[in-house]
Every structure is written in structure tokens, then in C-alpha cells.
Amino acid sequence: GYWNGLYFDSNNPSNSLAYTTVSYAPDGVTVDGYLSVTDSTFENNSGYGIEINDGSTIPEFARNELSANGEAPIEVPADLVGSLDSETTYASDNEHDRIELAGGDIETAQTWSAMDAPYFCGDLSIDAELTIDPGATLQFQEDTYIDVADGDGKLVADASNSDATITFEGQNES
């Protein structure tokens, strides 16, 4: 049977997973604290490979493989998406090959890189500078939107110096 996976609610900066495989759990890893993740594999979990909750700190997330998970490879708050790297494999035989965003408030300046899977978004509220790299795809749930907030909110989506475009699309065709 399944075990219950790894749960990090500690804010100890020494928490890390490197060259690690986590498999056959409901959610492979749940983060409610501090965790660095590098060169690791999260596979065959019945839910998410990794679930990162609001208020967590992810100082490094690089060169990972998230495959064959029963939901999406990862669920992450919008304000932590800038912590993810484009060298990680997200689209690899998961039930939903997409980066699922939980919570849509972006309060720290960040860049969202082009990934091998789309960002799957609900409503987004941008209260800091958000830069979207060429090649990125943002896919939105039905009846959702982006609010570039008055004050410090800023959205930069400029692919004019690239062969790749930036795509904003609905989950379903209208």
C-alpha cells in the first residue's frame, strides 16, 4: 500500500532533497516550510509529485524529474513560481502535464520561465513586477482573469526579440 510521503513544516535552512527519489505516496512531498530540491525524481504518486503551500520557502529547485503522478507534477502558490527552473521535467506522463498554481497573489518581483508544461492558473493578482519569458504558456481556468494591480503591479510579457511567443489561453476553446 501507499505510505504518506514526506511532509516539511520545518523552516530549517538545512532541509534539502538532492539526488532523491520519492514515489508511491498520495502526494510525494508536501512543503509548508523551507526546502531545497535538486536533481531528484518524484514519480508514481497518486496525487501531486510535489505540493508547495503558501508561506513556504524554496531557495533552490533545479534539474528535477516529475513523472507519472496521478494529478499534476506540482502545485505551487503563484508567488513562488519564480523559484522553479526550466531544466526540470514537468510534462512526463502525469495525469495533467501542467504546473498548477494554488493561490494567485504575486507580491514579489519574479520571472516565470518557459517550461515544458503550461502554467495552469485561476485568478491572478499582480502586486509586483512579473516578467513572463518568451515561450511560456499560461492556461486559465474558466471565468478567471489577470489583475495588474494599481500601485506596484507590473506585467512584462515581451517576446519581440525571440522566435518564441508568450501564450495566454483558456483551458477550453470558447
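For region 90-101, enumerate the residues that are crowded, with 16+ Cβ neighbours inside 10 Å, touching a strand residue (DSSP E or B) at 6+ places or on another chain (Cβ under 6 Å) and not in a strand (DSSP E or B). Passing the criteria: Tyr90, Ser92, Arg98. For region 72-83, state whether one or more residues are within 19 Å of Tyr7 (Cα to Cα), open to solvent by 20 Å² or more (accessible area, probe 1.4 Å) and among the hydrophobic types (A, V, I, L, M, F, W, C). Yes, because at least one residue in region 72-83 is within 19 Å of Tyr7 (Cα to Cα), open to solvent by 20 Å² or more (accessible area, probe 1.4 Å) and among the hydrophobic types (A, V, I, L, M, F, W, C).
Being in contact with a strand residue (DSSP E or B) (Cβ under 9 Å, 6 or more places away or on another chain), open to solvent by less than 40 Å² (accessible area, probe 1.4 Å) and not hydrophobic (A, V, I, L, M, F, W, C) is a property that does not hold for Tyr24.
Applying the set (1) open to solvent by 30 Å² or more (accessible area, probe 1.4 Å); (2) farther than 19 Å from Phe8 by Cβ to Phe140 leaves exactly one unmet item: (1). You will find that of Ser14, Ser56, Ser46, the residue that is on the phi < 0 side of the Ramachandran plot, in contact with a strand residue (DSSP E or B) (Cβ under 7 Å, 6 or more places away or on another chain) and not acidic (Asp, Glu) is Ser56 and no other. Return a yes/no flag: does region 61-70 have any residue that is open to solvent by 50 Å² or more (accessible area, probe 1.4 Å) and within 19 Å of Asp158 (Cα to Cα). Within region 61-70 (the criterion being open to solvent by 50 Å² or more (accessible area, probe 1.4 Å) and within 19 Å of Asp158 (Cα to Cα)), the answer is no, since none of the residues qualifies.
Of the residues screened, Ile146 is one that is β-branched (Val, Ile, Thr), open to solvent by less than 70 Å² (accessible area, probe 1.4 Å) and closer than 20 Å to Glu107 by Cβ. Only one of the listed residues (Ser40, Ser56) is open to solvent by less than 30 Å² (accessible area, probe 1.4 Å) and under 23 Å from Ile106 (Cα atoms). That residue is Ser56.
Would you tally the residues in region 38-56 being farther than 16 Å from Asp85 by Cβ and touching a helix residue (DSSP H, G or I) at 6+ places or on another chain (Cβ under 9 Å)? Can you show your working first?
Let us first name the residues in region 38-56 that are farther than 16 Å from Asp85 by Cβ, namely 43-48, 51, 53-56.
Subset that is touching a helix residue (DSSP H, G or I) at 6+ places or on another chain (Cβ under 9 Å): 54, 56.
Final tally of qualifying residues: 2.
For the condition assigned to a strand (DSSP E or B), within 15 Å of the chain's Cα centre (by Cα) and not aromatic (Phe, Trp, Tyr), what is the one hit in Glu71, Glu51, Glu87? Answer to the selection: Glu51.
The values are calculated or read from the model by the stated rules, or taken from the named source; none is laboratory data. Everything numeric here is computed off the predicted structure, so don't read it as measured data. Every residue, glycine as well, gets a Cβ built from its backbone with ideal geometry; the counts of neighbours run over all protein chains shown. Note: accessible area is taken over every heavy atom of the protein model, side chains too, but ligands, DNA and RNA are not part of it. Shrake-Rupley method; radii C 1.70, N 1.55, O 1.52, S 1.80 Å.
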